[in-house]
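In what follows, a single structure is set out as structure tokens and then discussed.
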Amino acid sequence: MVMPEGTYTDGCMRLEAKRIEGVDENWRQVAFDAPFADIPVVVVSPQKSNTDTTFALCVRNVTRQGFELRLRYEGEVHNKTYEESVAYMAATVGSGNFCGKRVVAGLTPDASVGSNLKDAYSVSIGHDFGSLPLVFAQMQTENDTITSTLRLSERHNDGFTIFKDREKSVAHEMVKPEQVGWIAIDNIETSYICNNMAATTPASCYTLSGIRFCNADGKKIVGRKKGYKSTEILMFNY
């Protein structure tokens, strides 16, 4: 998934995408461009890697105003701290439609997503998509200091099962369960990314902080308005 940096709104749902530079092992406070009405879901993704050492991105203390972010490395082989570029996507809990695609965001209960051995958590999206959805997920808490990531064990049109997986280079104790934020998006068709392309069908477009997404001749087009200077495109893994 790629999306331009900016703020996206559809009725009661709001998305915000932005890049944060210089993220390292120290907790860093990140502020949203504007406060959300309620505590949002936050998912993060590295934009590049300055080291060949495995690392995870950790999020905690998500509020209406922002969140905290840091890197955490694989334990045994880590010997130097690097700075990374990280993109985040924050979304209002609920559902909306963007570019004709259903987007649903939610939070699991506190301390509900643990290891695959006994504490995997099954999420009900609340909508039955026509095909398997894209699922973006991020731990919203950090209840232990073990370098960990999230994995899906099952994915269905109306839900998925998710668990917390840890690196084992240093020790093998069980991870502590976390609260997880997730964003599910209806299956995305082949897209075309075009710079400097003016919107041609305003009735089917959203104006998103100077960026327009639209349908033209049956193709999804991401373009920026004439004269709009930002060329930021943020990429998220799924």
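The values are calculated or read from the model by the stated rules, or taken from the named source; none is laboratory data. Keep in mind the model is a prediction, meaning the values are calculated, not measured. A quick note on method: Cβ atoms are made from the backbone with ideal geometry, for glycine too, and the neighbour counts reach across all protein chains shown. Each accessible area value is taken on the protein alone, full model and side chains, heavy atoms only, with ligands, DNA and RNA left out. Shrake-Rupley method; radii C 1.70, N 1.55, O 1.52, S 1.80 Å.
Worth a mention:
- Region 119-155 - residue that is among the charged types (D, E, K, R), over 15 Å from the mean Cα position of the chain (by Cα) and farther than 16 Å from residue 176 by Cβ and, of those, most open to solvent (accessible area, probe 1.4 Å): 128
- Count of region 1-37 residues, restricted to those that are farther than 26 Å from residue 147 by Cα, of a type outside the set (A, V, I, L, M, F, W, C) and over 17 Å from the mean Cα position of the chain (by Cα), is 3.
- Taken residue by residue, region 73-85 has no member that is at pLDDT 95 or above, touching a Phe, Trp or Tyr at 6+ places or on another chain (Cβ under 7 Å), part of a strand (DSSP E or B) and not polar (S, T, N, Q).
- Residues that are crowded, with 18+ Cβ neighbours inside 10 Å and part of a strand (DSSP E or B) within region 95-112 comprise 95, 96, 98, 103, 104, 105, 106, listed in sequence order.
- Contact map, region 1-28: first residue assigned to a loop (DSSP other than H, G, I, E, B), second residue aliphatic (A, V, I, L, M) and open to solvent by less than 10 Å² (accessible area, probe 1.4 Å), Cβ cut-off under 7 Å, separation 6 or more or different chains; pairs are 5/17; 5/234; 24/71; 25/71.
- If you filter region 1-38 down to residues that are polar (S, T, N, Q) and exposed (fewer than 15 other Cβ atoms within 10 Å of the Cβ), you find that the one that is farthest from residue 105 (Cα to Cα) is 26.
- Pairs where the first residue, in region 47-61, is under 22 Å from residue 17 (Cα atoms) and the second is crowded, with 19+ Cβ neighbours inside 10 Å and small (Gly, Ala, Ser), C-beta under 6 Å, 6+ apart: 47/87
- Only one of 49, 115 that is modelled with pLDDT under 95, part of a loop (DSSP other than H, G, I, E, B) and over 16 Å from the mean Cα position of the chain (by Cα): 49
- Contact annotation: residue pairs with Cβ atoms under 7 Å, 6 or more positions apart or on different chains, pairing a residue in region 79-91 that is under 14 Å from residue 47 (Cα atoms) with a partner that is open to solvent by less than 10 Å² (accessible area, probe 1.4 Å) and assigned to a loop (DSSP other than H, G, I, E, B), are 87/236; 89/236.
- Boolean, residue 68 is of a type in the set (Asp, Glu) and open to solvent by less than 10 Å² (accessible area, probe 1.4 Å): no
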